[in-house]
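Single-structure report; data block below.
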Amino acid sequence: VTELASEGDLSTWCSQHKGLGPGREREALMNPLARQIMLGVQALHDLCIVHNDLSLEHLVINCESQQEFGVQRKVRIIDFGMSSTVRRFRACVSGKPSYQAPEMHKGHAYDSLLVDCFALGVLLYSMATQGYPWASTKPGVCPFFQYVVLKGVHSFLKKRTLQRDSGTTVAKVVSPALKNTIEGLLDVEPSSRLTLGESCFAQTGRCSIWEERWLSNDSYSFPMYPKS
């Protein structure tokens, strides 16, 4: 039994803000939610729990009223049916096809902490653009992801057009700061992918999302919403 998620899941959030296209205003709305999501998954990882199935549908929003601060939106991570306390997997594919990290399909051992990070990159992309970057990361299935493997995420974002506007590319409408964060989380090489700043990576010199300008920029710090 869990508390009611009064505003539904993140997929519903995207639908509710369908009229607000990619850009600064949309990023200002999604930034405080993204911070909560990243902190929540980081906390799970530091407890040695991997989710293995992060997606828009598995993150829900509850609206809480506080006398001092007004209305605050809190994100909750749900659906732990595929979660595990095991960090290393081999030949085990979980999660939705669009969110699966490419190393899951290679047959060798992979770090499931970094698999969650990749899924968060897809999630940020979807929140910002109201669409998925690709249909699947399985080799030979989706030409969009095959382009990423050959050319990299940076080139992909410069070529990928918005689903509702075939003439506008993602790179033109998403802020450079958010674009860099998405690129870091969607790196096809796990060894260079951004982490969530987990304690297990603290001594490795790995870059984390908290060093990214989009998540540290005070201009996007809008955790509280005004009273209605």
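The values are calculated or read from the model by the stated rules, or taken from the named source; none is laboratory data. Remember, it's a predicted structure, so these values are computed and weren't measured experimentally. No Cβ is skipped: glycine too gets one built from the backbone with ideal geometry, and neighbour counts run over all protein chains shown. Remember, those area values only see protein heavy atoms, side chains included, never the ligands or the DNA or RNA. Shrake-Rupley method; radii C 1.70, N 1.55, O 1.52, S 1.80 Å.
General remarks:
- When the range 106-123 is filtered for residues that are under 18 Å from Leu44 (Cα atoms) and part of a helix (DSSP H, G or I), the ones remaining, listed by number, are Ser112, Leu113, Leu114, Val115, Asp116, Cys117, Phe118, Ala119, Leu120, Gly121, Leu123.
- Top-ranked residue in the range 12-25 [being touching a Ser or Thr at 6+ places or on another chain (Cβ under 9 Å) and not in a loop (DSSP other than H, G, I, E, B); ranked as least open to solvent (accessible area, probe 1.4 Å)]: Cys14
- Total residues in the range 67-110 satisfying the condition of being of a type outside the set (Ser, Thr, Tyr) and either touching a His at 6+ places or on another chain (Cβ under 6 Å) or more than 23 Å from Gly140 (Cα to Cα) (or both): the figure is 19.
- Looking across the range 29-40, just one residue is open to solvent by 20 Å² or more (accessible area, probe 1.4 Å) and more than 24 Å from Phe201 (Cβ to Cβ), and that is Leu29.
- Residue match in the range 41-49 (condition: open to solvent by less than 20 Å² (accessible area, probe 1.4 Å), assigned to a loop (DSSP other than H, G, I, E, B) and out of contact with any Cys (no Cβ under 8 Å at 6 or more places or on another chain)): no
- Condition check for Gly95: modelled with pLDDT under 95, in a loop (DSSP other than H, G, I, E, B) and of a type outside the set (A, V, I, L, M): no
- Scan of the range 157-202 for residues that are open to solvent by less than 30 Å² (accessible area, probe 1.4 Å), in a strand (DSSP E or B) and without any contact (Cβ under 8 Å) to a residue 40 or more places away in the chain, ordered by number: Thr169
- Any hit, the range 75-86, residues being in contact with a helix residue (DSSP H, G or I) (Cβ under 7 Å, 6 or more places away or on another chain), more than 19 Å from Glu198 (Cβ to Cβ) and open to solvent by less than 60 Å² (accessible area, probe 1.4 Å): yes
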